[in-house]
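First comes the structure, then the notes that go with it.
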Amino acid sequence: MFSHDYWMQAALREAEKALDLGEVPIGCVIVRDDVIIAKGHNLTEQLRDATAHAEMIAITAASAALESRYLTETTLYVTIEPCAMCAGAIVLARIPKLVFGAYDPKAGACGTLYHITEDARLNHQVHTICCTPSYFIHLIERAGELGVNMRDLPLRVGIFGAEPWTESMRRHIETEGGIQAFDIYGLSEIIGPGVGIECPYHNGLHIFEDHFYPEVIDPETGRVMPDGEEGELVLTTLSKQAMPMIRYRTRDISVLAAEPCPCGRTVRRIGRIARRSDDMFIIRGVNVFPSQIESALLAVEGTVPHYQILLTRHKGLDAVEVQVEVTPELFSDKIGTLEGLRQRLAYSVEHTLGLKVEITLAAPRSIQRSEGKAKRVIDRRNLTNEVPHEDPSTVALPRK
């Protein structure tokens, strides 16, 4: 069984074909029983047809392959959130599962501007959503602002990953969203999403041990820890051919459980990932190291190597603010000069991380100095009252 990341790579290859033709680079594949039954990429310019979107082409090809206008038991993978036309076609084709690579703030109709695939007024809907937990909380709040009760939508299952989240956040998502929430674990260096996932008992994440060999070690000494004791998760790939990994240190802190799960599976399980052994943090599914931000800041003339990174959460979405000191000469200069510097810093950081961050210029020597290791990251995401969080310093297997 291949991961969502595997199939999304196939959709990206279709998007590259569109780009080579001068089209908007969007690609799509439709999968059934672990086999791609149809592919498509944008051809609106080539065919001079406004409806020749990647999803429409793939749906037409899949219907021909299956000799049916209904595409039940299939999954559609597309590189960006479908528009209103394509979302409607997904509903009419009765495709039960949709996976897209990025939200489209301009025309997205599967959660951004509209909720066509989840509209309870239609005869058929998509029942599963896969995203980061923080983004789903944002959807809950945005739906409330629009007068939409998420519990009235046809969504029944949510698969969430790419960032740490707690049992408290799960309860909030399930209560407010009216769904059953599942934790999924993966990392790009290994395979992406699909290393492990929860079963309906929510008794830890089952590791697919026919593809990955898990260990837990002491992060300081490297000693292998017995099952049930906390440590750093280490993974070895067993079936990956292009870039195999041997004892890859994930830096994620967890525990291994070997006893059989009530669901009947006997593969080992890991506990929820709540913290790491290094200083990396995750924002909207993107791994960020403070050293990356530091390199981006110091690449711009006029800054000094004194900065702090402030992490906050507003309406369910994580935000990053970087406070950086400037030289005395620049700080006393014109406001226009400072604003120009701020914009250059913002561009440098965004280009490095692939994320937009808020840049705040600080006066010389205004950021607290440290005699020991500098405290670069201040994480206030667990201090807000929007969603109560459990103590992130504790790692235990989730509820039974």
Next item on the list: Determine the dipole magnitude for the chain: charges of +1 sit on the beta-carbon of Lys and Arg, -1 on that of Asp and Glu, nothing else is charged, the reference point is the Cα centre, and the result goes in debye to the nearest 20.
Entry: 320
Margin query: Among [x] 32, 25, 22; [y] 63, 24, 19; [z] 37, 30, 21, only one was calculated for this model; which label is it, if the read-out is semi-axes √(5λ) of the Cα gyration tensor in Å?
Written below: [z]
Next item on the list: Give the span of segment 253-344's Cα atoms along each principal axis, as three whole-Å numbers ordered largest to smallest.
Entry: 68, 27, 15
Notebook entry, point to check: Binning every alpha carbon pair distance of segment 157-309 at 5 Å from zero, what are the percents per bin?
Noted result: 2, 8, 16, 19, 18, 14, 9, 6, 4, 2, 1, 0, 0
Notebook entry, point to check: Which of the trypsin sites (Lys or Arg not before Pro) found in segment 122-219 are in a DSSP loop and have at most 14 neighbouring Cβ atoms, other than their own, within 10 Å?
Noted result: Arg156
Checklist line | Taking only Cα atoms of segment 1-160, radius of gyration then Dmax in Å | finding: 15.1, 43
Note to self: Give me the net charge for the shell around Ile159: Cβ to Cβ below 14 angstrom, other residues only, Lys and Arg +1, Asp and Glu -1.
What the structure shows: -2
Item checked: For segment 108-203: span of alpha carbons on each principal axis (Å, largest first) -> 39, 26, 22
Next item on the list: Note down the accessible area of Phe208, probe 1.4 Å, to the nearest 10 Å².
Entry: 80
Checklist line | Within-12-Å neighbourhood charge of Ile184 [Cβ basis; K, R +1; D, E -1] | finding: -3
Check: Based on the Kirkwood radius over alpha-carbon pairs, what value in µm²/s does the Stokes-Einstein equation return for the translational diffusion coefficient of segment 147-196 at 20 °C and 1.002 mPa s?
Finding: 178
Check: When all alpha-carbon pairs of segment 176-226 are counted, what percent fall beyond 14 Å?
Finding: 64
Check: Which of these, Ile37, Ile273, Ile253, has the largest mean-square fluctuation under a Gaussian network model of the chain (Cα springs below 10 Å)?
Finding: Ile37
Item checked: All-pairs Cα distance distribution in segment 1-95, expressed in whole percent, bin size 10 Å -> 18, 52, 27, 2
Notebook entry, point to check: Summing -39500 (n - 2.57) over the DSSP H runs of n ≥ 4 in the chain and dividing by its residue number, what mean residue ellipticity at 222 nm do you reach, to the nearest 500 deg cm²/dmol?
Noted result: -7500 deg cm²/dmol
Checklist line | Residue pairs, from the table Lys334/Lys356; Lys39/Lys315; Lys106/Lys240, whose Cα atoms sit over 31 Å apart | finding: Lys39/Lys315; Lys106/Lys240
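The values are calculated or read from the model by the stated rules, or taken from the named source; none is laboratory data. As the structure is a computational prediction, the values presented were derived from the model and not from experiment. FYI the Cβ positions are ideal-geometry reconstructions off the backbone, even for glycines, and counts take in every protein chain you see. Just the protein is used for accessible areas: all its heavy atoms, side chains included, with ligands, DNA and RNA removed. Shrake-Rupley method; radii C 1.70, N 1.55, O 1.52, S 1.80 Å.
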